[in-house]
Amino acid sequence: MKQGIHPDYHDIKVVMTDGTEFITRSCYGAKNATLNLDIDPKVHPAWTGGQQQLMDRGGRLSRFNSKFGGLFSTK
């Protein structure tokens, strides 16, 4: 392996939005740096199962449902 071409891989502290902390290895910052997260899996709707809505812009969804509504009927 060539010397001097790889980034410095070291331990850092990650602080979640609720204040919990953990140590991981990363190329972020300097050795023993702290990374404070603004969004993490505990608060982001993609991980917490937030409400998801389909927006009907210009009637596209209703046109699709009227055209293909009975195609996938569940019996």
Next item on the list: Give the long-range amide H neighbours of VAL15: residues separated by 5 or more places, or on another chain, with amide H under 5 Å away, using H modelled in the peptide plane at 1.01 Å from N.
Entry: LEU35, ASN36, LEU37
Item checked: Net charge contributed by nearby residues that have their C-beta within less than 15 Å of PHE22 (K/R +1, D/E -1) -> -1
Checklist line | Gain in span if fully extended, ALA30 to LYS13, counting 0.36 nm per residue against the direct Cα distance | finding: 5.0 nm
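Each value in this text was obtained by applying a stated rule to the coordinates, not by laboratory testing. In this text the structure is predicted, and so the values were computed from the model without any measurement. Counting neighbours? That spans all protein chains shown, and the Cβs are built from the backbone with ideal geometry, glycine included.
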